[in-house]
Every structure is written in C-alpha cells, then in structure tokens.
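The values are calculated or read from the model by the stated rules, or taken from the named source; none is laboratory data. Only a predicted model underlies this, so the values are computations on that prediction, with no experimental measurement involved. Every residue, glycine as well, gets a Cβ built from its backbone with ideal geometry; the counts of neighbours run over all protein chains shown.
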Ligand code: SF4
C-alpha cells in the first residue's frame, strides 16, 4: 500500500511539512513508513535535536540523526526530510511528525536564546556508554529496577528502555545530585523545558 500526499500539513507550532509518501515497512508488512519534507533548513538545529534525544546516532557525512525507540526508527536530515518506520498507520505518522515539528520549533528557539551547541557536548553524547552511566548509579545491584544489576540497567537506560526514575535508589535525597548529573549526561539539552520568549519592544520596533 502506497499513499502519497502533496498536501501541506501545518502543525500547531506553525512549522509546515508535506507528506511525500506512506508505504508498507520493508521489514514488516503490518507496519507503515512515512516520509515527509519540512519547510525548513534543519542543519542549524540538527545538533540541538541530537543532544535532546536519547538512543540516537549522528552522521556528519549524511547530515542526519537517527533515533531508535520501541522498534521505531526516526531519521531527521538537515535538508528537512524526515522518515519514520514501524508505525501502526498513517495517522500515527502524522502525530509523530507534529511532535517533531514542535521539537524543531523549540530547537530554533533554543538556538535563538543560547546560540550553537558546544562541540565538546556533541562528542560526549556521541561517546556515551554504559560504563559512564553506571558510575552515576548507586551500584548496589539491588534489583529493584527489575534488572540483574546496575550495569544492565545502565545499558537499557542508554537504549531508552528504562527511565531514570525506574531506579528507586536514585530517588533518595542524598543521591539527588547523581540523578541530576545522570539526567544531564543522557539528555544534555531538554527541549521540553524551552519556552518561547515574547519579543522585546526593541524586536517589535525592529531596533
Ligand atoms: S534499582 Fe538502581 S541501584 Fe538497584 S540494581 Fe537497579 S540501577 Fe542498580
């Protein structure tokens, strides 16, 4: 099944995209893949999105980030093209694209407020591994998170299969600094907390 659309979708945040096609996933015939083109050059904010996502890889050569979660693979290109696989249907694809549009809008706002990302942060996020994560865990291997130990938890946390709060030990007050550091390590930029600032009077007057 191939469903093509030249209709432009406008998300609530005002970022437009056009769905280029919705087709069966090559690897699973009950799932679909959606491909869309956003009306924006995403290159200036690609690294900001990279630092926001967990379980993500970044290719400078392809100018692309690839995020994997629950079998779904989301590829976001600097050119504005976005592809998402393993969707239940076209509608789920549109919902996902609207969410990406919102993140893109927040990433541009982040860029406006704080400027480009630090290369050292990019490198740290690229090289993040379970050993780095386990250093910030309580390392009691208590099993409360449902895993055999802290290292397994760290590995699955990195893959996006756990949330930090799944480690009940980290909820203790005396470990709040470790929890904060871990949160920053996994997600150096949290776009969910970015609010659009109202323009200043000078901006409005074009000064
Ligand atoms: S709950 Fe926390 S401390 Fe206990 S094994 Fe899991 S990660 Fe380690």
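Worth pointing out:
- Selection status of residue 77, surrounded by 15 or more Cβ atoms within 10 Å (Cβ to Cβ) and free of Cβ contacts under 8 Å to residues at least 60 places away in the same chain: yes
- Lone qualifier among 63, 69, 135 - being within 25 Å of residue 36 (Cα to Cα) and either without any contact (Cβ under 8 Å) to a residue 60 or more places away in the chain or crowded, with 18+ Cβ neighbours inside 10 Å (or both): 63
- So residue 62, is it more than 16 Å from the ligand (Cβ to nearest atom) and not assigned by TED's automatic domain parsing to the domain that holds residue 47: no
- Lone unmet requirement of (1) assigned to a helix (DSSP H, G or I); (2) more than 8 Å from the ligand (Cβ to nearest atom) for residue 153: (2)
- When the criteria are applied in full, residue 160 fails the requirement of being more than 23 Å from residue 58 (Cβ to Cβ) and either in contact with a strand residue (DSSP E or B) (Cβ under 6 Å, 6 or more places away or on another chain) or surrounded by fewer than 16 Cβ atoms within 10 Å (Cβ to Cβ) (or both).
- Residues in region 44-57 that are under 15 Å from the mean Cα position of the chain (by Cα) and over 17 Å from residue 184 (Cα atoms): 45, 46, 57.
- Residue that is surrounded by the most Cβ atoms within 10 Å (Cβ to Cβ), among those in region 1-52 that are outside any loop (DSSP other than H, G, I, E, B) and at pLDDT below 75: 9
- The set of residues in region 138-150 being surrounded by 13 or more Cβ atoms within 10 Å (Cβ to Cβ) and more than 6 Å from the ligand (Cβ to nearest atom) consists of 139 alone.
- Considered as a group, the residues in region 160-194 that are within 14 Å of the ligand (Cβ to nearest atom) and assigned to a loop (DSSP other than H, G, I, E, B) include one that is farthest from residue 139 (Cα to Cα), and that residue is 161.
- Assessment of region 112-130 against the conditions (outside any helix (DSSP H, G or I), in the same structural domain as residue 170 (by TED's automatic domain parsing), exposed (fewer than 13 other Cβ atoms within 10 Å of the Cβ) and within 12 Å of the ligand (Cβ to nearest atom)) yields no matching residue.
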